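The values are calculated or read from the model by the stated rules, or taken from the named source; none is laboratory data. Worth saying up front: this structure is predicted, and the values here are computed from it rather than measured. Note: ideal-geometry Cβ built from the backbone for every residue, glycine included; neighbour counts use all protein chains shown.
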């Protein structure tokens, strides 16, 4: 696997890059959005870009990574995007996941919740394979899914972590057919299209987006208010 680390924090380059190389991962490093685009312009096409949200240190803005993620997906749709951040906010995760509406290959990870490099590589592998992955520790994530049954919520939480139907069946001790029926019921509960209706859409992305918007007695944070976490 080839991972590009796009982050203006030197700490992550100094510690993470050697650790990845020790695991036979090809690593490209970019310490600003400008350097990221420069690498892409030179023909460096990683499997996954590990992209920070905040590039304040490089003078490019606190949400420059989100803007770059949208642009990179449009210009280089084959590259997976694993966005990582200190921002423990559902609205940012929802923005990231929405980038993968038609192609998947996106993820959102909280830097301070990562346990180790193997966990990070699991996220990256899921994204590289065309899946989606969202950190289950995201604040408020477990309080979603008001329209769903408890088991349907468990299925969505597994989908959001990048598990296949077969893996979900193993985790929840049910058959693959039962998982598929749950997914169909979730799709109907959220009024989402079927693959027959829209073959281009990534239904797993749409399910997670709907789940992130489906509150259970909780209001969404005001985007103009500072994060209090």
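Please go through region 185-214 and pick out each residue that is surrounded by 13 or more Cβ atoms within 10 Å (Cβ to Cβ), part of a helix (DSSP H, G or I) and over 16 Å from the mean Cα position of the chain (by Cα). Correct list: 185, 186, 187, 189.
Listed here are the residues, each with its yes/no results for (1) surrounded by 20 or more Cβ atoms within 10 Å (Cβ to Cβ); (2) free of Cβ contacts under 8 Å to residues at least 40 places away in the same chain.
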site: 13; (1), (2): no, yes
site: 19; (1), (2): no, no
site: 50; (1), (2): yes, no
site: 56; (1), (2): no, no
site: 67; (1), (2): no, yes
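A single member of 181, 144, 173 is farther than 25 Å from residue 65 by Cα and touching a strand residue (DSSP E or B) at 6+ places or on another chain (Cβ under 9 Å), and it is 144. For residue 89, the criteria (1) at pLDDT below 90; (2) touching a strand residue (DSSP E or B) at 6+ places or on another chain (Cβ under 9 Å) hold in every case but one, which is (2). Inside region 159-174, can you point out the residues that are more than 18 Å from the chain's Cα centre (by Cα) and part of a loop (DSSP other than H, G, I, E, B)? Correct list: 173, 174.
Screening residue 24 on (1) in a loop (DSSP other than H, G, I, E, B); (2) over 22 Å from residue 129 (Cβ atoms); (3) out of contact with any strand residue (DSSP E or B) (no Cβ under 6 Å at 6 or more places or on another chain) shows it passes everything except condition (2). Answer with yes or no whether residue 37 is in a helix (DSSP H, G or I), more than 20 Å from the chain's Cα centre (by Cα), surrounded by fewer than 19 Cβ atoms within 10 Å (Cβ to Cβ) and on the phi < 0 side of the Ramachandran plot. Criteria met by residue 37.
Quick grid of which residues meet (1) buried (at least 17 other Cβ atoms within 10 Å of the Cβ); (2) in a loop (DSSP other than H, G, I, E, B):
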{"site": "148", "(1), (2)": "yes, yes"}
{"site": "152", "(1), (2)": "yes, no"}
{"site": "157", "(1), (2)": "yes, no"}
{"site": "177", "(1), (2)": "no, no"}
{"site": "180", "(1), (2)": "no, no"}
{"site": "183", "(1), (2)": "yes, no"}
